[in-house]
Amino acid sequence: MISLDGRLKAAADLCRKGTTVADVGTDHALLACYLAQNGASYVIASDIREGPLEAARRTVKQTGVTNVRVLLSDGLKEIDRADDVVICGMGGELIADIVEGCGFLTENTRFILQPMTKPDLLRRRLYSAGFEIIEERTAYEGGRGYAVMLVRFTGKTREIDEIFALTGKIVDPKFLRLTAEKLLKNARGMDRSADFRESAEALRKNADIILKKAEELI
């Protein structure tokens, strides 16, 4: 049985049983094979490069799963359908590009997204493109916190405010404190230049709001 790290386990826990899952950017297909062993009816393990797909094929062979298809694909371009789409370990901007380019959207399609960078940008683009976040979970590795988002398409576009862009639907006080600390660190760096002091003050105000939110959840 495959064991996953915290980020991938949090993503796996958001996938539905008995569904077809697309694991985009599968790398070694650890997540894909774990899902195949734990309730997914069928898993498409895709990557844009042949190198990771060779590693994915080895994992599939070693685990003995028979319901995983390994596929060369740039994002979702070669995938005709999936109930759940998992995209982990990429930058927020690239994830947004892939999600927005999905060609098989229905009201039942779910996206499980774990950005390594720019989660605020990802949240903004999701809502401006007619998606909404259903739930967010958190995971930790090497002292860093990561958000894992469960997303669906509604067709209703809207702009979100700065605090929601930064924190989404996260209700983990530890993660919120880490987010505030990062904002304060960036503000201190901006203080060195008079041109950025106004921006630094805005970051501090956002950090204060997020810290208060964290305190309310304790």
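Structure notes:
- Heavy-atom accessible area per residue - the chain, 1.4 Å, Å²: 51
- With all pairs of separate Cα atoms included, the chain yields a Kirkwood hydrodynamic radius of 18.2 Å.
- Computed magnitude of the charge dipole of the chain (debye, nearest 20; Cβ of K, R +1, Cβ of D, E -1): 380
- Summarising the amide proton neighbourhood of Arg69: residues at separation of 5 or more, or on other chains, whose placed amide H is nearer than 5 Å comprise Val43, Ile44, Ala45.
- Gyration tensor verdict on the stretch 62-185 (Cα atoms; rounded if a/c is under 1.5, prolate if a/b is larger than b/c, oblate otherwise): oblate
- Antiparallel content of DSSP bridges confined to the chain, in %, to 5: 40
- For the stretch 1-72 versus the stretch 132-167, the inter-centroid distance based on Cα atoms is 23 Å.
- Here's the picture: charge each Lys and Arg Cβ at +1 and each Asp and Glu Cβ at -1 in the chain, and of Gly89, Asn206, Gly145 the one pushed furthest to the positive end of that dipole is Gly145.
- Whether the stretch 1-40 is rounded, prolate or oblate, judged on the alpha carbon gyration tensor where a/c under 1.5 counts as rounded: rounded
- Cα-based convex hull volume of the stretch 14-92 per residue, rounded to whole Å³: 80
- Computing FRET efficiency as 1/(1 + (r/R0)^6) for Val171 and Glu198, where r is the C-beta to C-beta distance and R0 is 41 Å, gives about 0.85.
- Amide hydrogen neighbours beyond the local backbone of Met116, cut-off 5 Å, H modeled: Gly89, Met90, Gly91, Gly92
- Relative contact order of the stretch 1-73: 31 percent, from C-alpha pairs under 8 Å at least 6 residues apart in sequence.
- Relative contact order, whole percent, for the stretch 102-186 stands at 33, derived from Cα pairs under 8 Å and 6 or more residues apart.
- The stretch 12-65, accessible surface, carbon-and-sulfur percent (1.4 angstrom probe): 51
- Per-residue HN-Hα couplings for the stretch 209-218 [Karplus 6.51, -1.76, 1.60; θ = phi - 60°; Hz; x = Gly/Pro]: 4, 5, 5, 5, 4, 5, 5, 5, 8, 7
The values are calculated or read from the model by the stated rules, or taken from the named source; none is laboratory data. Source: prediction; values computed, not measured. All Cβ positions, even for glycine, are placed from backbone atoms using ideal geometry, and neighbour counts span all protein chains on display. Ligands, DNA and RNA are stripped out before the accessible areas are found, and what is left, the full protein with its side chains, is counted by its heavy atoms. Shrake-Rupley method; radii C 1.70, N 1.55, O 1.52, S 1.80 Å.
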